[in-house]
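Read through the structure below, which is laid out as C-alpha cells, and then see the notes.
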Amino acid sequence: MNIPILLFVYNRIDTTRKVLESIRYNHVHKLIIFQDGPKKDDDPNWEIVNELINQIDWCDKEIIVSKQNKGLVASILQGLNYSFQRYDAAIVIEDDCCLHKDFYRFVKAGLEKYSNDKSIYSITGYRWPIKIPDRYNNSIYVSYRISSWGWATWKDRWDDFSKDYGILARIKENPSKNCYLEWYGRDLERMLAGNLGRSENSWAVFWALSVIDKEGKTISPVKNLISHIGYGNNSGVHNTIRTVFDMDLYGGDYEFEFPDKITSAYELEEEFYDMIKKHFPLATEQNQYYRDALNKWIQLKGKQISLADILLKRGIHSSVIFGITSETELIINELGNRVPVKYILTSKGTEKMVNGITVTNTILFAKEDMVLIVIPGFIIDNVKVNWDLSDFGMVIGFKELLELGE
C-alpha cells in the first residue's frame, strides 16, 4: 500500500524540528505537511517553521499551507479528507509527537495486514501506561480506545467519523455500547464537555466515540513508539504540563508480529479499565452529579442551546458562580460577554483571580437580573444558610440550570 504520513504543523519551531528529525529516521516514502495559516501578518516563528518544512530534501514531500488560520480541529479534519481522496490509508502526526525509529514500519505493516479486517479501526504507535505482565509474550495488544498520538486509519473506517454531540446519548441508550463507554471511555464525557464552553479544540473525542459506537478495535504496540514533547511551549494547543499518560520512547529495536486472528487480552483490558477508573473516578455523589450535568450540557449543545440562551430568556443579564471546579472555567467561557460572570463566590477566605475574575468569600453585589450558579447544586441549601441570597434574581444549581433548557 502507498501510505503517506500526514504532518500537521503551525509555528512551534523546536518541537517541529525534533518531529521532522524523527520522521527522517523512519525512512518514509511520502510526507504531506499541512501548515495552518498565521493568526497575524507578522509571525517570525511561523516563517521559520515554513522554512524548515520547505528545506526537506530526504523524502517525497507535499506542502499545503493554509491562507488563513483554521485551528487544529479544522486542519486535521480537512487534511484527512484531502488525503483520502487519493490514498486508502494515512498516518497522522502532530507537531509535538516524536517517533521511534520503528514507528513507521510498525504502523504501515499493521495497516497493510488488517486493511480488510473491518473490526480494526486504528493502528497507533502509542502504548497506554498500563502494566503488561511478563507472561504476555505478544508484541501488540488490542483495545477499543483510539489514541490521537501517532495513529493511522483507513479511508473506509474514517468514513464512520461523526462530529456529532448526539453520539454520546446514542451510545448510552445501547447497553452493549454503553459497556464499552464505561470500560474504555469514562473520560470522554468530560472531554466532550470541554468543547462546550470554548471554541471546539478536540477532534479526537469524536473519533474515540465514533469507534466505540462501532465497537471498533485499536492495535497498540507493547513498547511505546510515540513520545509527546509539546510541554512548556506556549504556542501549543494542548497541555503544557506532563501528565500521567505520557510515555518515554522505547529504547531498543522493536521486533513485532501481527497475528492473523485478533483477540483481546482480558488481563490487559482490566489494566486499562483500572487506569481510567483511577484517574476518572465516578463513585462519589459529586462526581455523579457532574456526570449527569455534563450529559445534559452535551445534549443542549446538540440542540444548539447555550447557557446564555437559557438565562437571557428569563431576563438574567449577569452572573456569579459559587464554587471553583473544572466546570467553573467552562461556564465562564460559555457565558462570555452575553451573561458575564462578575465574580466567583466560595467558602474559602483567600482572594485570588480566576480567568481575570475576582474570587471572594463575600457577596460583593447582587441584582434582580443576576443569577448565582451553584456548583454542585446539591449543596445549595448550605449556601443559603451561610449567605443572604435574597438580592439575586435567580439562585440555581448547575445541573438544574441545564434542565431549564430541556
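Numerical summary
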{"quantity": "For Met353: the one exception among (1) more than 23 Å from Tyr289 (Cα to Cα); (2) touching a residue at least 40 places away in the same chain (Cβ under 8 Å); (3) of a type in the set (A, V, I, L, M, F, W, C)", "calculated": "(2)"}
{"quantity": "Which numbered condition Lys301 misses (of (1) surrounded by fewer than 21 Cβ atoms within 10 Å (Cβ to Cβ); (2) modelled with pLDDT of 90 or more)", "calculated": "(2)"}
{"quantity": "Of all residues making up segment 265-293, the number that are at pLDDT below 75, in contact with a helix residue (DSSP H, G or I) (Cβ under 9 Å, 6 or more places away or on another chain), assigned to a helix (DSSP H, G or I) and open to solvent by 50 Å² or more (accessible area, probe 1.4 Å)", "calculated": "2"}
{"quantity": "Residue pairs meeting the criteria (Cβ under 6 Å; at least 6 apart or on separate chains; first within 18 Å of Asp253 (Cα to Cα), in segment 5-27; second open to solvent by 30 Å² or more (accessible area, probe 1.4 Å))", "calculated": "Arg24/Trp58; Tyr25/Lys101"}
{"quantity": "Residue count for segment 323-362, restricted to those that are of a type outside the set (A, V, I, L, M) and under 23 Å from Lys301 (Cβ atoms)", "calculated": "13"}
{"quantity": "Boolean, Asp381 is loosely packed, with under 12 Cβ neighbours inside 10 Å and among the charged types (D, E, K, R)", "calculated": "yes"}
{"quantity": "Enumerated strands (runs of 3 or more DSSP E) restricted to segment 142-231, each holding at least 3 residues that are open to solvent by less than 10 Å² (accessible area, probe 1.4 Å)", "calculated": "151-154, 217-221"}
{"quantity": "Residues satisfying the stated conditions in segment 73-90, i.e. buried (at least 17 other Cβ atoms within 10 Å of the Cβ) and within 20 Å of Tyr114 (Cα to Cα)", "calculated": "Leu80, Ser83, Phe84, Tyr87, Ala89, Ala90"}
{"quantity": "Hits in segment 50-101 (condition: outside any strand (DSSP E or B) and charged (D, E, K, R))", "calculated": "Glu51, Asp57, Lys67, Lys70, Arg86, Asp88, Asp95, Asp96, Lys101"}
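The values are calculated or read from the model by the stated rules, or taken from the named source; none is laboratory data. The shown structure was predicted, so the numbers you read here are calculated from the model rather than taken from an experiment. Neighbour counts run over all protein chains shown; Cβ positions are idealised from the backbone, glycine included. The area values use the complete protein model at the heavy-atom level, side chains included, leaving out ligands, DNA and RNA. Shrake-Rupley method; radii C 1.70, N 1.55, O 1.52, S 1.80 Å.
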